[in-house]
Amino acid sequence: MLTLSLAVKLSSISQTSNDSVTCIPNSQLKKAINLIELGKVTKQELEITTKKVQTLEEFLNHKDKIINEFKKKDSLSQTAISSYEQAVINFQSQLKNAETINKIQKKIINKQKFRKILALGLGFGAGFLVFN
């Protein structure tokens, strides 16, 4: 008896019916078909949107790579610019030092010329006194 009740339950659950007739009103069937078609269109739109999002993400990644390359180039350029600015500062200080050295040497040369002229004058004066 136990096996018989299981067989009955299983046969009632089974979907092996040979009926091909469904009793659904045409308006509901049209609505169902419209919803199925809308679902297909929505699925295609979703696939297209997903592809667009992937394409835009790849584009964005590419742009990020380009931006990072420009940042690296910019940092290198900034480093070069600061190096050149430091070189200009060093050259300016060298120029000031050279000008200072030039002024000091001119003073020394002028003193030496004055001493030579003074010695020449004293020599002429002493020679004039000796020979007169």
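Derivation of every value follows stated rules applied to the coordinates shown; laboratory data play no part. Quantities reported herein were computed from a predicted structural model and do not represent experimental measurements. Cβ coordinates were reconstructed from backbone atoms using ideal geometry, including for glycine residues, and neighbour counts include every protein chain displayed.
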What are the pairs, 6+ residues apart or on separate chains, where a residue within segment 34-53 that is surrounded by 10 or more Cβ atoms within 10 Å (Cβ to Cβ) has its Cβ under 8 Å from a residue that is among the hydrophobic types (A, V, I, L, M, F, W, C)? none
Report every pair of residues separated by at least 6 positions or lying on different chains whose Cβ atoms are under 7 Å apart, first residue within segment 103-126 and touching a residue at least 24 places away in the same chain (Cβ under 8 Å) and surrounded by 10 or more Cβ atoms within 10 Å (Cβ to Cβ), second part of a helix (DSSP H, G or I) and among the acidic types (D, E). none
